[in-house]
Amino acid sequence: MRALLIVAALALCSAPLAAQETEKSVGTLLIECAPTEYETAIDCLETHLTPESLTTLKEEGAVMAHFGLGMWIRNNWGLWGGGPLGQSLNKMGFVHPDDMSSEILAGLVARLRDEAYDLEARIAYYKSYWDAAAEEEPPEPLAPTPHEQTQTETEAPTGERDSENH
């Protein structure tokens, strides 16, 4: 009887492990997706990120993902190394991998929120920024787009700040 219980326990414990081994991780799916263009990068993220991750992006905005998912995009989709996606975005007018990943995420957030997104205006901003940076006179920063803010940041402030917390 004791041996039967041990075998049953091992079978139950190993079933989830076997299932996990056959399922691909989100990271693996995103690498296999290997987008080469802006829109296909957004499609890939929307298809393979978990529903929880998509909800978090929709609610918190693209800026909150810059050092997590944004870094993953820069490192794994060849934005730093001149991979196909980086080359495509460079041809569109992007210069820096940080800007590329930020705009991929902002485009995804806009799609998730069913909002319009003016990618051409963003490309023009980055171009002027990097042109001015080369001359050491960066332009005035743009106000954050709604896709770079959390939903609560886009609402009007409701009261005085608590001085104890500052």
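Some points to look at:
- Filter pass, Ile104 being aliphatic (A, V, I, L, M), over 19 Å from Leu45 (Cβ atoms) and either modelled with pLDDT of 85 or more or touching a Cys at 6+ places or on another chain (Cβ under 6 Å) (or both): no
- Residues that are of a type in the set (D, E, K, R) and free of Cβ contacts under 8 Å to residues at least 24 places away in the same chain, drawn from segment 46-66: Glu52
- Search result, residues across segment 43-72 that are assigned to a helix (DSSP H, G or I) and among the small types (Gly, Ala, Ser): Ser53, Ala65, Gly70
- Under the condition of being among the basic types (Lys, Arg), touching a residue at least 40 places away in the same chain (Cβ under 8 Å) and in a helix (DSSP H, G or I), the residues counted in segment 91-127 number 1.
Results for (1) exposed (fewer than 12 other Cβ atoms within 10 Å of the Cβ); (2) at pLDDT 90 or above, shown as yes or no for each residue.
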site	(1), (2)
Leu17	yes, no
Gln20	yes, no
Pro35	no, yes
Val63	no, no
Asn75	no, yes
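The values are calculated or read from the model by the stated rules, or taken from the named source; none is laboratory data. Not measured: the values here are computed from a predicted model. With ideal geometry, Cβ positions are generated from the backbone for all residues, glycine too; neighbour counts draw on all protein chains shown.
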